[in-house]
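Just below is one structure, and these are the notes that go with it.
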Amino acid sequence: MNPPLRFFIFLLFFASSINVYAQTEGDDPVSLVISTTSQIFAEVDENFKSYESDPASLQTLVRTDLIPLLDVHYSARLILGRAGRGIEKEKVDEFAEAMISLLVNRYADGLLQFRSQEPVMVLPQRGDLNEKLTRVRTRVKLPSGGEAPIDYAFHKTSEGWKAFDVIVEGISYVTTYRNQIMPEVQEKGIDLVIKRLTSGELTLAD
Amino acid sequence: MRYKLQVISIALLSLLLSACAGTQSRDTDPENDPWEGFNRKVYAFNDGLDKALVRPVAVGYDFIMPDPFQRGVGNFFRNLDAPVTFLNQILQGKVTQSADTFGRFLINSTIGLLGFFDVATRMGVPFYNEDLGQTLHKWGYEDSRYLMLPFFGPSTVRDGTGRLADSYVHPVGRAIHGRNEWGYYIVRGIDLRARFLSQDAELERAYDPYVLMRDVWLQNRRYQIYDGDPPLEDYDLYLEEDLPEQDPDSRQ
C-alpha cells in the first residue's frame, strides 16, 4: 500500500532541477514547467549561500518566477466553489493571495532543504486532453529512493497556458482543499478564513 | 484465551461505537459516501484506538528502529504482496507486467533475503500494485460506496471485499486463516502506521479530518486503479452553482 498522504510533502518537491526530454522553447505547458523550474533551480544553485542566510529573498525570487505561470484567481474560485458565490472579486483575490503566499514560502523552504535532489523527469505528453485543458506529468526522486509522481493541470487563458492545480499521487490540491475550505467559508465567512491563512494558523501542507 | 480476546474486542468495539453515536453525520458526499453517518462512527472508533494505543506504539517503533531496518521491514511486507499482485495482473490480462512481478518476487525472496532488500528495484524491475478491488473495477464494478473499516481504515465495499478474498491468496494470509493469529497483522499495521506519523499534525489541524482522509484515500485509490493515469477531474463542475445530484442508491 502506498502512503497516499505523501501528498503533504509535495511542495517540498514542487520542482528542483529538470531533466529535459525535449528541449523545445515554447509557451506550451511542458516547456513552461521545464523552463520555469530549471530557471529557479539555476538561480538557487548560483546563490545558495546568500539564500540560505536570507530565505525571504528566495521567497521573493520564487514569487517572481512562479506567479506568472499560475492562474491563482482560478484556483481560488475552484476551491471556494459555491461558497465563493456573491463574494466580490477583491475578496477572492485576497483569499488567493493568502493561499499563494503560503505555497511560495513552502516551496522556497523545500528548495533550500532538498537542494541536491536528482533531476525532475518530465514524462512525454500524451494526446489525452484538449486544447483548453492539459496535464504535465513529472516524476521527482525522493531522498528515500522512491519516486513521487507530481502532475500539473494547465488551462488556456487569454494570457496563454497557466497552471491551476498540482496533483500528487493522484491527490489534487484543488479538490482536497476545496472540500476543507468551502464548508469552512460557508460556516465562518471568508474573512475569518483569510485571517487564519495569513496568520499561519491554517496551513496548507507539511 | 483467544476466544476470550475476541469477545472482549467485539464488546469494546460495540461500546465505542455506541459511545460516539452522537457524532456529526452531515452529507458531505452523498454520491461516494452514502453511509457517512456510520462511517464517521467507525472513524471515531479508529481514531480513539489510534490515539490510545496504535499511535504510541508506532511512535515507539519509529524511535527505536533505525531507518534502514524500518525500510527493510517495509520491503519484506511489500514482497509478500507479490503473489496477490501477480494473480490480479493475470486476471486483468496484464501478462507482461505479471512476469515482472513474478521475477521480482523470485529475486527479492532469494537474493533479497526474504524480501528485506529490494534488489529487484535496483536491477530495474518495475514494481506494480494490483489487488482484487482493482480487478473488480476493471471488470466493470466501477463505483462503490466508501466504507470505513474498523482497524483497517478507509475502503469501499468493493475494495474491502477484494481485500478479504485476496487474503486467501496472500502467502501469510493463507497460512493463518481461520486461526486467531494476529501477530502478522499487528506488526504490519504498526509498520504502516509509523509511515504516516509525519502527517498526523496535518490531519489534526484539518477543518474536517474525516473528509480529508476520505478525499485523500479515494483520490489515491483512483490513481492506483488507473495505474497512475486517471482522467483529470472535471473542474468545470466546481464552478457550477449546484453539483449534479446522483441517485445514491445506484452504488453498491
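Just so it is clear, none of the values below were taken in a lab; they were calculated from the coordinates. Note that the structure is a prediction, hence the values are computed from the model and not measured. Reconstructed Cβ throughout: ideal geometry from the backbone, glycine too, with neighbour counts over all protein chains shown.
Grab the Cα-Cα distance for B:A99 and B:F69, subtract it from 0.36 nm times how many residues apart they are, and report the gain in nm with one decimal.
8.0 nm
Per 0.36 nm of contour for each residue apart, how much would the distance between B:R222 and B:I111 grow if the chain were fully extended, relative to their Cα-Cα spacing?
36.6 nm
Sorted by packing (mean other beta-carbon atoms within 10 Å per residue), highest first, where do B:118-126, B:159-167, B:56-64 land?
Top of the packing list down: B:159-167, B:118-126, B:56-64.
Please label the shape of the range A:133-200 as rounded, prolate or oblate, based on the square roots a ≥ b ≥ c of the eigenvalues of the alpha-carbon gyration tensor (a/c under 1.5 means rounded; beyond that, a/b larger than b/c means prolate, else oblate). It would help to have the intermediate numbers written out before the result.
On the way: a/c = 2.59, a/b = 1.47, b/c = 1.76.
Since a/c reaches 1.5 but b/c is at least a/b, the shape of the range A:133-200 is classed as oblate.
Each residue of the range B:108-114 in turn: what ³J(HN,Hα) in whole Hz from Karplus with 6.51, -1.76, 1.60 and θ = phi - 60°, glycine and Pro shown as x?
5, 6, 9, 4, x, 6, 6
With Cβ to Cβ distances under 13 Å as the rule, what net charge do the other residues near A:T60 carry (K, R +1; D, E -1)?
Net local charge, A:T60 excluded: -2.
If the chain between B:Y185 and B:I90 were fully stretched, how many nm would it gain, using 0.36 nm times the residue separation less the Cα-Cα distance?
31.6 nm
Can you pull the mean other chain C-beta count within 10 Å for peptide A:75-87?
Counting other chains' Cβ atoms within 10 Å and averaging over A:75-87 gives 2.
Rounded to the nearest 0.05, what FRET efficiency is calculated for B:R205 and A:Q113 with R0 set to 22 Å and r the Cβ-Cβ distance?
Details: r = 21 Å, r/R0 = 0.95.
Rounded to the nearest 0.05, the efficiency is 0.55.
Please give the average number of partner chain Cβ atoms lying within 10 Å of the Cβ of each residue in A:168-174, rounded to a whole number. Display every interim value, and only then the final one.
Working: counts 3, 6, 13, 8, 7, 0, 3.
Taking the mean over all residues of the peptide, I get 6.
Mind sorting B:K94, B:K138, A:K195 by how few other Cβ atoms lie within 10 Å of their own Cβ, fewest first? Present the calculation step by step, with values, prior to reporting the outcome.
Working: B:K94 20, B:K138 17, A:K195 14.
The fewest-first ordering by Cβ neighbours comes to A:K195, B:K138, B:K94.
If I take R0 = 25 Å and measure r between the Cβ atoms of B:S167 and B:D229 in this structure, what FRET efficiency does the formula 1/(1 + (r/R0)^6) give, to the nearest 0.05?
0.35
Would you pull out the residues with amide H under 5 Å of A:L70's amide H, same chain only if 5 or more places away, H placed 1.01 Å from N?
Those qualifying (amide H under 5 Å, at least 5 residues apart or on another chain) are A:A163.
Which order do peptides A:31-41, B:191-201 fall in by mean Cβ count within 10 Å, highest first?
The packing order, highest mean first, is A:31-41, B:191-201.
Take A:D27, project a point 7 Å from its Cα along the Cβ direction, then tell me which residues of the range A:162-179 have their backbone nitrogen under 17 Å from it.
Of the residues in the range A:162-179, A:162-164 have backbone N under 17 Å from the label point off A:D27.
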